[in-house]
Amino acid sequence: MYNEIMDNASLEYLTVTRRKLHRLAEPSGREYNTSRFIADELSRLGYKPKFIETGVYCDVGKGAPRLAFRADIDALPITENVAATGADFAAENGCMHACGHDGHTANLLNVARIVGGKSDVPLRFIFQYGEEGVGGSRVMIDGGVLDGVDEIYALHLSPELDEGKVGYCYGAMFAGCVEFDVGIDGIASHCAVPEKGANAVHAAIEAAAAAFASADKNGLLLNLGKITGGAARNIVADKSLSEYTLRFYDSAKSESVMLDIERALIAADDKYRTSHRLTTHTVYPPVVNHALCVDKVRAVMGEAAVATAPKNTAEDFSNYLLERPGCMVWLGVGSDGHTSPLHSDTFGFDERALLTGTELFLRLIASHK
C-alpha cells in the first residue's frame, strides 16, 4: 500500500516541499519560519504538532513503545552561489541548506503525509532544530522527545553515494567532536624589552605544539583552524585566541587529550606569566549505530543497501543513540548533474533521490514488530 501511494504523489510533494524549505533556510536555534511551516503542514495532514524550542514533533498510532524517525531542520550560514546552482528557490537571508537538511525534512514530511493520521505501529516524527553547532538533540531529549520511544532512525544525504543507494555502517559512523577556544591574556611591552611583557602568542604556540603531540599520540584528529593575537610586529602580544576542533571515536581518548591541553596551558602560563581560558562550545559524541538496527535497514533495502566507511564529520544524532537503539544511514544523492560536496555553496540534488529515503522509512514501519 505504501509504495502504491508513494508512486502516485511523492515526487511532486517532495519537490515542492523541499524547495519551500530551501527558500526558508534559517540558522541553528533561529528556525522560526521553518518550524512554523513544518507545524502548519503537519496540522494540515491531521497531526497535532508539539514544540520544543524551535523543534517540532508529533505522534500517530496508539500505545507505546514508539518507533521514531528524526530529521534536522536548520541551515548553515553560507550564501548560496546561485550563479552556479541556477536555483530559483535559493534563500535570500545569507543561509543555505548546504548540508541537505531541507531534503531530510521534506522526506520525513512525505512519510507523515503517506502514513496520514492512522498507523497500526505507534510512531513519532521528530523535526529537530539546531544540529549545526548548538546541539539541539540534547535539548529535545531533555524536553521528553524520546519518552515512550524504543527505536529511532535517521538519514543523511550523501553526494558521494549514487541515487537509489542507502549507505550503512556498523558501529561508529560519524566521529565525535569537541569545538573549543583557547584565550590567553598577557602583558604588552616593546619587543626591545620583552622581560617587561608576558607574550600571549608564544604561550599559545607552545600550548598548540603540546596539543598536537597529545592528539597524535592518541590517534585523534585535531585542527587549529584560526589563531589571532597581538597588535604589531614590534610589540609583545598581550592577547591571543586559538579556535580548535577535535575529532574522535573514543571518548576516553578525547578526555585524555583535553586534559593534556589544560596541563600544557598551565605550564605555558607558568613559563610566560600569562593566564588562559579554555572555553568549550560544542561536544558531540560519536554516532555509534546499533547492529540490530543496521541489520533491519539491510533487510528491508536489499541490494540498494551498501557498506560505507566511517567519516570524521560529526552529527548530533549521536545523542539519541546514547539513549535508544537506532541507526543513521547515508542516502545517496550523487548524480552527473550534482557532484558538489556537503557544506559547499553549490551543493544541490535531484529530489528524485528522496524517493529512496521515503521507501526506506516506510519499509521500516511496515516491518516493525
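The values are calculated or read from the model by the stated rules, or taken from the named source; none is laboratory data. Fair warning: this is a prediction, and the values are worked out from it, not measured in the lab. Because the Cβ atoms are built from the backbone with ideal geometry, glycine has one as well, and the counts that use them run over all protein chains shown. All accessible areas refer to the heavy atoms of the entire protein, side chains included, with ligands and DNA or RNA removed. Shrake-Rupley method; radii C 1.70, N 1.55, O 1.52, S 1.80 Å.
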Legend entry - 5 angstrom amide H check on Ala98, placed H, neighbours 5+ away: Leu76
Inset, instruction - Could you work out how far helix 32-44 tilts from the main Cα principal axis of the chain, as a 0 to 90 degree angle to the nearest 10? - result: 20 degrees
Legend entry - Extended-chain gain in nm, criterion 0.36 nm per residue less alpha-carbon gap, Ser43 and Asp181: 45.4 nm
Inset, instruction - Taking the dipole about the Cα centre of region 160-224, with the C-beta of Lys and Arg at +1 and of Asp and Glu at -1, give me whichever of Cys177, Val166, Ile187 is farthest to the positive side. - result: Ile187
Inset, instruction - Give the angle, between 0 and 90 degrees and rounded to the nearest 10, that separates the Cα long axis of helix 291-301 from the longest principal axis of the Cα atoms of the chain. - result: 50 degrees
Inset, instruction - Quick one: dipole size for the chain, taken about the Cα centre, charges +1 on Lys/Arg Cβ and -1 on Asp/Glu Cβ, in debye to the nearest 20. - result: 520 debye
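Placing unit charges on C-beta atoms (Lys and Arg positive, Asp and Glu negative, everything else neutral), compute the dipole magnitude of region 15-155 about its Cα centre in debye, rounded to 20.
Roughly 540 debye, rounded to the nearest 20.
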Legend entry - Table column - 3J(HN,Hα) (Hz), region 100-117, Karplus curve with 6.51, -1.76, 1.60, x for Gly and Pro: x, 5, 5, x, 4, 6, 4, 4, 5, 5, 5, 4, 4, 4, 5, 5, x, x
Inset, instruction - Before rounding to the nearest 500, sum -39500 (n - 2.57) across all DSSP H runs of length at least 4 in the chain and divide by the residue total; then give [θ] at 222 nm in deg cm²/dmol. - result: -11500 deg cm²/dmol
Inset, instruction - Taking H placed 1.01 Å from N in the peptide plane, check which residues at least 5 places from Gly230 or on another chain put their amide H under 5 Å from its amide H. - result: Asp238, Lys239
Legend entry - Cα-Cα over 23 Å, subset of Lys296/Lys369; Lys48/Lys165; Lys165/Lys369; Lys20/Lys62; Lys20/Lys48: Lys48/Lys165; Lys165/Lys369; Lys20/Lys62
Legend entry - Three-way shape label, region 282-369, alpha-carbon gyration tensor, a/c 1.5: oblate
Inset, instruction - Quick one: which residues, 5 or more positions from Val149 or on another chain, have an amide H under 5 Å from its amide H? H modelled 1.01 Å from N in the peptide plane, none for Pro or chain starts. - result: Arg66
Inset, instruction - Determine ³J(HN,Hα), in whole Hz, for all residues of region 146-153 in sequence, where each value follows from phi through the Karplus function 6.51 cos²θ - 1.76 cosθ + 1.60 and θ = phi - 60°; x replaces Gly and Pro. - result: 9, 4, x, 9, 10, 7, 9, 10
Inset, instruction - Using only Cα atoms, tell me the angle between helix 251-272 and the longest principal axis of the chain; keep it within 0 to 90° and round to the nearest 10. - result: 20 degrees
Inset, instruction - Work out the length of the dipole vector of region 1-90 about its Cα centre, built from +1 on the beta-carbon of each Lys and Arg and -1 on the beta-carbon of each Asp and Glu, and round it to the nearest 20 debye. - result: 320 debye
Legend entry - Inter-label distance for Ala87 and Leu224, nm, one decimal - labels placed 7 Å from Cα along Cα-to-Cβ: 3.6 nm
Inset, instruction - Keeping the other protein chains in place, figure out the carbon and sulfur percent of the accessible area of the chain, with a 1.4 Å probe. - result: 52 percent
